[in-house]
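Written out below as structure tokens is the structure these notes cover.
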Amino acid sequence: MPEEALIVVDMQRDFMPGGALPVPEGDRIIPRCNEYIDEFRGKGALIVATRDWHPESHISFREQGGPWPRHCVQNTPGAEFVVELPADAVIISKATEPDKEAYSGFEGTDLAEILRRNGVKRVYICGVATEYCVRATALDAAKQGFEVYLLRDAVKGIVPRDEEKALEEMGKAGVKVL
């Protein structure tokens, strides 16, 4: 059983240019994420994809007093993945409760248990946005005791200065940036 997993964070239509909450040039990492998916799948690694999967009236939406425009609403085109996931990929839906925010793929999900059950010791992370959900997922993976690697050529942030701060914070927490 391979000891590695690739975690593809929030590669969804609403986070791409033209979406409700776009990461600037987020679409530029789609090909690289797809290459990593193929590479890790070829090694027999577990492929995990996290997604925002918000109910209609999620607390993070401006209409509910939150900071963000409506995005990644369950069963809408904006919530669809933009990467090519294998049929056996593990899909982790987060922020599914109307009154709870969740940036990390581990928050309110059974991701840690799924990884452990599959014998995973090392996780590699790609996706968007570096300073939000990628950061939170990487930090939580490290807290859960996994060896964590950030695939720098397959993550994209919103604000370069904030992205650099997030990379620094992850590094201090033991996340290795490749």
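Derivation of every value follows stated rules applied to the coordinates shown; laboratory data play no part. All of these numbers come straight from a predicted model, not from anything done at the bench. With ideal geometry, Cβ positions are generated from the backbone for all residues, glycine too; neighbour counts draw on all protein chains shown.
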(message) If the requirement is being part of a helix (DSSP H, G or I) and either under 19 Å from V159 (Cβ atoms) or not charged (D, E, K, R) (or both), which of these qualifies: P2, P31?
(response) P31
(message) Which residue is surrounded by the fewest Cβ atoms within 10 Å (Cβ to Cβ), if the candidates are limited to the range 145-166 and must be over 13 Å from V128 (Cα atoms) and in contact with a strand residue (DSSP E or B) (Cβ under 9 Å, 6 or more places away or on another chain)?
(response) E147
(message) Name the residue that is nearest to the chain's Cα centre (by Cα), counting only residues in the range 100-130 that are in a helix (DSSP H, G or I) and surrounded by fewer than 22 Cβ atoms within 10 Å (Cβ to Cβ).
(response) A112
(request) Identify, from the list A49, A141, the residue that is within 24 Å of P24 (Cα to Cα) and surrounded by 21 or more Cβ atoms within 10 Å (Cβ to Cβ). (result) A49
(message) Can you find a residue that is of a type in the set (D, E, K, R), surrounded by fewer than 17 Cβ atoms within 10 Å (Cβ to Cβ), free of Cβ contacts under 8 Å to residues at least 60 places away in the same chain and touching a Gly at 6+ places or on another chain (Cβ under 7 Å) anywhere in the range 79-94?
(response) no
(request) Would you check which residues across the range 80-99 are over 17 Å from N118 (Cα atoms) and in a strand (DSSP E or B) and list them? (result) F81, S93, K94
(request) Might you let me know whether the range 11-28 holds any residue that is among the hydrophobic types (A, V, I, L, M, F, W, C), assigned to a helix (DSSP H, G or I), buried (at least 22 other Cβ atoms within 10 Å of the Cβ) and in contact (Cβ under 8 Å) with a residue 40 or more places away in the chain? (result) yes
(message) Condition first: in a helix (DSSP H, G or I) and within 17 Å of the chain's Cα centre (by Cα). Now tell me which residues in the range 39-78 satisfy that.
(response) F40, G78
(message) So for the range 155-168 (the condition being assigned to a strand (DSSP E or B), closer than 20 Å to P31 by Cα and either touching a residue at least 60 places away in the same chain (Cβ under 8 Å) or among the aliphatic types (A, V, I, L, M) (or both)), does at least one residue qualify?
(response) yes
